[in-house]
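The structure appears below as structure tokens.
The values are calculated or read from the model by the stated rules, or taken from the named source; none is laboratory data. As the structure is a computational prediction, the values presented were derived from the model and not from experiment. Positions of Cβ are generated from backbone atoms using ideal geometry, with glycine treated the same way; all protein chains shown enter the neighbour counts.
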Amino acid sequence: MPETYSFTVNGNVIETDKDKSLLRFLRDDMKLKSVKDGCSQGACGTCTIIVDGKATRACILTTKRAVGKNIITVEGLSDREKEAFVYAFGAKGAVQCGFCIPGMVISGKALIDTNPDPNEDEIKEALKNNICRCTGYKKIIEGIQLVAKILRGESSIDEELEKGHKYGVGDNAFRIDVREKVLGYGEYVDDVEIDDMLHVSAVRTKYPRAKIIDIDFSEALKLDGVVAVLTAEDVPNNKVGHIQQDWDVMIAKGDITRCMGDAICLVVAESEEILKKAKPLVKIEYEVLEPVRNIDEAMKEDAPKLHPNGNLCQSRHVTRGNAKEAIANSKYVVTRTYDTPFTEHAFLEPECAIAFPYKDGVKIYSSDQSVFDTRKEVSIMLGWDKERIVVENKLVGGGFGGKEDMSVQHIAALCAVKLQRTVKAKFTRDESLAFHPKRHAMHGTFTLACDENGIFTGLDCDIYFDTGAYASLCGPVLERACTHSVGPYCYQNTDIRGYGYYTNNPPAGAFRGFGVCQSEFALESNINILAEMVGISPWEIRYRNAIEPGKVLPNGQIADCSTALKETLDAVKDVYEKNYPNAGIACAMKNAGVGVGLPDTGRAKLIVNDGIIEIYCGGSEIGQGCATIFIQMAAETLNMPKSKFKNMGCNSEIAPDSGTTSGSRQTLISGEAVRRVSSLLKNDLDKVDGDLSKLDGKEYYDEYFEPTDKLGADVPNPKSHVAYGYATHVVILDDDGKVKEVYAAHDSGKVVNPISIQGQIEGGVLMSLGYALTEDFKLQDCVPKSKFGTLGLMKSIDIPKINAIYVEKDELLGVAYGSKGIGEIATIPTAPAVQGAYYARDHKLRPKLPMEDTFYTNKKKK
């Protein structure tokens, strides 16, 4: 007789003879989907449950070790507790992508059960094992404080806030996805249950660069429950790629691997357990080759060609005026070299996709940043018309650029088509770390000059990016790094040369900030040195050079009426000067919308259905809040409450293509499309005296497109982007050199949702602090050596006080109610502001990230 394990879950006695991970038992056997699988390494906290009154990670327990214990998941909270958490987390803006939130709720409950009136430090301590990559923790802490007040009877739930009777532009909107994310019933792809579903996983290379001599999967096929093994020969077109189709779906026999994420074959089985047994049975014979480890090795004349066209993936040359002459004639010149590392996105939801036969093609449930980009790449791989492929986003547990590329979507689709069965593909956390593109590592030399008054005269720089094994978005990211390396200032002599090289490192691509985090870190650090030479403060030199409406940016674009960089500088002037020399300052600008001559259209459709206005807009919601913004735009235009609208999600079959969630574009570009189509409906409503029932069944469509000029366009004042956001951040150190406080002043035009913008700013600041000080994606001979728990991600106990400040001018852009994007720019100025704070403190330049000789590195050494 097998041994029986008995324990209590949410008040029910459970018995099982399965000795397995408690995480897997709760999710797979009991269908308690609030318990999320973020890493299965005990590092992220998404699977947090309460065990005998203590917050515990389910992945570190087994059913055998749980015997006799009392377990509580979010599903087991009382109705009163559930409503308190939903209200508090919504009211405080604690929810973004939502993948970490059930774990946060459980940690909050465990604390409140033992300490009904916790202070901020006690909440931080209670959350120290729960990672959040979106929010910066501040809003979650505030949410738990409010929950405690409600449960103590000192505060009440305002039911009208969630109903959203006041839900227009500028209102504190309660996000539409709060309830399902807080209570854990909202579906991420990994939560979807489909009968008779197969599972696929790749056997990946053991070496970053090796020739595949032979693939023997005969023993794996003999294993009961293994349905198929697919190789490159089974792929109609064995190349995918976001822009350049240079990424092999699988490495074919006789070909050479390019990085540790490369797949050699796909094993398809009836269960994940069988997959784990089957994959080691695949035998691969390699001829191991020397890898190309870095940019210097890639540039050598005798370096092996990693791709047919060589190792130079992309290059850009951005010029205006005569930088060489301007610099030669300048009073002060500073030249410094900077190095920034690969950075891991560390989104909490690992990549997952489910595909199944659908109509005359295939349908994919995905976790990505553009269902239409996924459709396009899968169509290239299969050699099909795009319309045969339908892609639908489930909830997306974070992206930050890391889910723009294909990861699991195409392999799930390939297997579903080949086998005519439903197939699920899911990365382990280690696969995710090895596979998806990172932030590009940069080596750059920047020369900036100014006159005797500190007025910038010219910039010359060389920017080298390590794009790893595949192109991903190397071209656009490199371009953005180059075009933004000039900063948000007013000078006209620039010569910027950018190069992106292939290596055998993991690929690099889009990451929040899109190349600008690297180049702005260098530029802003040079500015501090120039200020010292001139004899003025770092604040003053930035203010003297700051762009203003009507003046010309270094790229030639005339700054529009909404430009408010000087206002952000004014907003932090006093706090900066009060804390100097323990304070650093940095400015930034970031485009909203794709721009530089590329087509960038927002599209939206409305259907009136039984008194509800359905919004169809194919822009992926990845936690940034666009699904809520779209309803706010419509509600503002039509003067209706939230209850009259339903966002229909992101599905390529029913929603118009509104472009990728990238480039801080959804609020402005798609938001304007929603505003326009709502205006069409309003015109009809006015004709029927506001009686929506008379328009039942009617459909409305509109789109927004504003052309921009391509890079190098032969016009005096090219329009590179529809809009720019601007920001100034101040970082303050304490006496020990620890970051004590951050002030982040932002010009994002009209603030559509004040709650959401604060969370976006706070999350961006914390992500950038990690980039500057603690995060380190370790590679050894191109092999990733980091686990999720060793990436150096900042935790709740590490956060400083973050003050989000937003500036709204009276005169704004005439689209999307004057709003501009916030998602990316929040990550850009903090790292150079940290550099500036340390430089002001000891006059030592720290040109390499993560920075050396700081409170954080010294603490690590102790």
Output for the stretch 815-831, where each listed residue is under 21 Å from H345 (Cβ atoms) and touching an Asp or Glu at 6+ places or on another chain (Cβ under 6 Å): I828
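Here is a yes/no grid of residues against (1) in the same structural domain as Q666 (by TED's automatic domain parsing); (2) out of contact with any His (no Cβ under 7 Å at 6 or more places or on another chain); (3) assigned to a loop (DSSP other than H, G, I, E, B); (4) modelled with pLDDT of 95 or more:
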{"site": "A745", "(1), (2), (3), (4)": "no, yes, no, yes"}
{"site": "Y771", "(1), (2), (3), (4)": "no, yes, no, yes"}
{"site": "Y806", "(1), (2), (3), (4)": "no, no, no, no"}
{"site": "G823", "(1), (2), (3), (4)": "no, yes, yes, no"}
{"site": "Y838", "(1), (2), (3), (4)": "no, yes, no, yes"}
{"site": "L845", "(1), (2), (3), (4)": "no, yes, yes, yes"}
{"site": "D853", "(1), (2), (3), (4)": "no, yes, yes, yes"}
Odd one out for E672 among (1) under 28 Å from G401 (Cα atoms); (2) in contact with a helix residue (DSSP H, G or I) (Cβ under 6 Å, 6 or more places away or on another chain); (3) in a loop (DSSP other than H, G, I, E, B): (3)
Every residue from the stretch 444-462 that is outside any loop (DSSP other than H, G, I, E, B), touching a residue at least 60 places away in the same chain (Cβ under 8 Å) and surrounded by fewer than 17 Cβ atoms within 10 Å (Cβ to Cβ): T445
Within the stretch 599-627, considering residues that are in a loop (DSSP other than H, G, I, E, B) and under 21 Å from I825 (Cα atoms), the one farthest from the chain's Cα centre (by Cα): D600
Qualifying residue in the stretch 79-89 (condition: more than 30 Å from G164 (Cβ to Cβ), of a type outside the set (S, T, Y) and modelled with pLDDT of 95 or more): no
Residues of the stretch 297-351 that turn out to be free of Cβ contacts under 8 Å to residues at least 12 places away in the same chain and surrounded by 14 or more Cβ atoms within 10 Å (Cβ to Cβ), as a count: 1
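Of V169, V268, V182, which residue is out of contact with any Leu (no Cβ under 8 Å at 6 or more places or on another chain), among the β-branched types (V, I, T), modelled with pLDDT of 95 or more and closer than 30 Å to K33 by Cβ?
Working: V169 fails: closer than 30 Å to K33 by Cβ; V268 fails: out of contact with any Leu (no Cβ under 8 Å at 6 or more places or on another chain).
It is V182.
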Number of positions in the stretch 697-717 that are over 28 Å from the mean Cα position of the chain (by Cα), in a loop (DSSP other than H, G, I, E, B), charged (D, E, K, R) and at pLDDT 95 or above: 1
Matching residues in the stretch 499-524 - criterion: being of a type in the set (G, A, S) and farther than 20 Å from F347 by Cα: G500, S519, A522
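Would you check if there is a residue in the stretch 116-125 being touching a strand residue (DSSP E or B) at 6+ places or on another chain (Cβ under 6 Å) and either under 29 Å from G770 (Cβ atoms) or assigned by TED's automatic domain parsing to the domain that holds E621 (or both)? Before the answer, list the steps.
The initial filter retains those residues of the stretch 116-125 that are touching a strand residue (DSSP E or B) at 6+ places or on another chain (Cβ under 6 Å), namely none.
No, the conditions are met nowhere in the stretch 116-125.
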Subset tally (residues that are out of contact with any Phe, Trp or Tyr (no Cβ under 7 Å at 6 or more places or on another chain), among the acidic types (D, E) and part of a helix (DSSP H, G or I)) for the stretch 629-653: 0
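Given the criteria in the same structural domain as A583 (by TED's automatic domain parsing) and either surrounded by fewer than 24 Cβ atoms within 10 Å (Cβ to Cβ) or in contact with a strand residue (DSSP E or B) (Cβ under 7 Å, 6 or more places away or on another chain) (or both), does V752 qualify? So that I can check it myself, show each step before the final result.
Values: in the same structural domain as A583 (by TED's automatic domain parsing): yes; either surrounded by fewer than 24 Cβ atoms within 10 Å (Cβ to Cβ) or in contact with a strand residue (DSSP E or B) (Cβ under 7 Å, 6 or more places away or on another chain) (or both): yes.
So V752 fits the description; yes.
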Among the candidates F521, F514, residue that is surrounded by 24 or more Cβ atoms within 10 Å (Cβ to Cβ), assigned by TED's automatic domain parsing to the domain that holds I558 and assigned to a loop (DSSP other than H, G, I, E, B): F514
